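Heads up, the thing below is written out as structure tokens.
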Amino acid sequence: MLMRSALCTSLLIAASAAVQQPASLKQSYQGDFYVGAAMNTAEITGQDQSSDALLLRQFNSISPENALKWEVVNPKPGQYDFSLGDQYVAFGVKHHLWIVGHNLVWHNQVPAWVFRDNNGKLLPRDALLKRMKDHIFREVGRYRGKIQSWDVVNEALNEDGTLRQSLWYKIIGPDYIAKAFEYAHEADPKAQLTYNDYNLASPAKLAGVVRLVKQLRAEGVPIDCVGMQTHDHMDSPTAEETDTAIRAIAATGVKVAISEMDIDVLPSPVQGNTADVSIRAAANPKLNPWPNGLPAAMQQQLAARYAALFRVFYKDRADISRVTLWGVTNAQSWKNNWPVPGRTNYPLLFDRQGKPTPSWYAVVKVPGEAEK
Ligand code: XIL
């Protein structure tokens, strides 16, 4: 009898060890950082129930792919539409997710009228600052205490690390960045405030962001975090370059968010690691080599690449607040249509049916490997 119950116990232990493999991204990185996904319109409105269910099983943070951008919430002067934004935030509140707001001040997906008066002339500095402040107060104020983290300024840097000559910069001057953070802080003093950009692992742009953050902090500007978009390719940037960038940014005293991660496996028609949404390249079958599925060998390489980057994130977890994937499944990724329209891309951790890819298996194993 005793023998039998001892056998039962050991079988039970063996069985529970077998199921101890983490079942989700959020469980794997519990206590390390949030793992997030960007939500599209169908997910926000509940039309895509299976993606919503997958998201809730796997992730504990959300970002809005487009729902809170200026052109969506305030398309015309005096006309506001927060219907999608409200549904997005309600979803996050209902499911106790870490909710990200994306974004407040950017040179893309902002209507042209924002920078002009009724006669089409560019606004003077004070008038544009007032418009920026009103926008930030209205949007951040609406979700005060609900959106935990805001991307306040998006993509203000050129590739050489200098400030981009956007209309924000040209009309207001370089202090538009500081002003945006000050207004956002006033509108919600408890929100985490982030500067967000792409290609930050490249040395010149990294030096630029480090300079910018140091200067803002020296001036007492309330910046808490830098978002590294991490729209990566197979060979670039390397895991080492990514690690160097995370550590250099964290050394300025702010947190790092991996804010929009995906890995592009397709041939690139453009040079470098840009994520400039205004770029368009012509479709061409050579640029779309795998319309019917990713070859197994490529998928293995992609899994290894994902694992190498997550090993860095795990190692640097004390400095990282979240790792957000820019979409839930490959079917929805913006990378199917940017920079080339109509391609079949494989940049995320779940396939077109919502099944975990080999990359997912590689990523959830990383913390366990480190403990061995
Ligand atoms: C992308 C969205 O995913 C697309 O749906 C949209 O058409 C263009 O913008 N950097 C950013 C994001 O900060 O807002 C962009 O999102 C991707 C690049």
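Quick notes
- Test: residue in segment 155-165 that is within 15 Å of the ligand (Cβ to nearest atom) and acidic (Asp, Glu): yes
- For segment 28-40, taking the residues that are in contact (Cβ under 8 Å) with a residue 12 or more places away in the chain and open to solvent by 10 Å² or more (accessible area, probe 1.4 Å), the one that is nearest to the ligand (Cβ to nearest atom) is identified as Asn40.
- Residue match in segment 72-84 (condition: within 14 Å of the ligand (Cβ to nearest atom), within 20 Å of the chain's Cα centre (by Cα), buried (at least 22 other Cβ atoms within 10 Å of the Cβ) and touching a residue at least 40 places away in the same chain (Cβ under 8 Å)): no
- When segment 120-164 is limited to residues that are open to solvent by less than 60 Å² (accessible area, probe 1.4 Å) and among the aromatic types (Phe, Trp, Tyr), the one that is farthest from Val73 (Cα to Cα) turns out to be Trp150.
- Conditions (1) farther than 24 Å from Thr242 by Cβ; (2) touching a residue at least 12 places away in the same chain (Cβ under 8 Å): number failed by Gly327: (1)
- Residues of segment 230-251 that turn out to be over 17 Å from Tyr314 (Cα atoms), open to solvent by less than 20 Å² (accessible area, probe 1.4 Å) and either assigned to a loop (DSSP other than H, G, I, E, B) or without any contact (Cβ under 8 Å) to a residue 24 or more places away in the chain (or both), as a count: 1
- Taken over segment 306-345, the residue count meeting the criterion of being away from the ligand (no atom under 16 Å from the Cβ) and either of a type in the set (Ser, Thr, Tyr) or open to solvent by less than 40 Å² (accessible area, probe 1.4 Å) (or both) is 12.
- Here Asp262 meets each of (1) among the acidic types (Asp, Glu); (2) free of Cβ contacts under 8 Å to residues at least 24 places away in the same chain; (3) buried (at least 16 other Cβ atoms within 10 Å of the Cβ) with one exception, condition (2).
- Residue-level analysis places Lys286 outside the set of residues that are open to solvent by 60 Å² or more (accessible area, probe 1.4 Å), more than 16 Å from the ligand (Cβ to nearest atom) and in contact (Cβ under 8 Å) with a residue 60 or more places away in the chain.
- Taken together, Ala156, Ala112 contain a single residue that is of a type outside the set (S, T, N, Q) and touching an Asp or Glu at 6+ places or on another chain (Cβ under 9 Å), which is Ala156.
- Members of segment 192-215 found to be touching a residue at least 60 places away in the same chain (Cβ under 8 Å) and either touching a helix residue (DSSP H, G or I) at 6+ places or on another chain (Cβ under 8 Å) or β-branched (Val, Ile, Thr) (or both), listed by number: Thr194, Asn199, Ala201, Ser202
The values are calculated or read from the model by the stated rules, or taken from the named source; none is laboratory data. All values reported here derive from a predicted model rather than from experimental measurement. Note that we place each Cβ from the backbone using ideal geometry, even for glycine, and neighbour counts take in every protein chain shown. Surface accessibility is based on the protein's heavy atoms, side chains included, excluding ligands, DNA and RNA. Shrake-Rupley method; radii C 1.70, N 1.55, O 1.52, S 1.80 Å.
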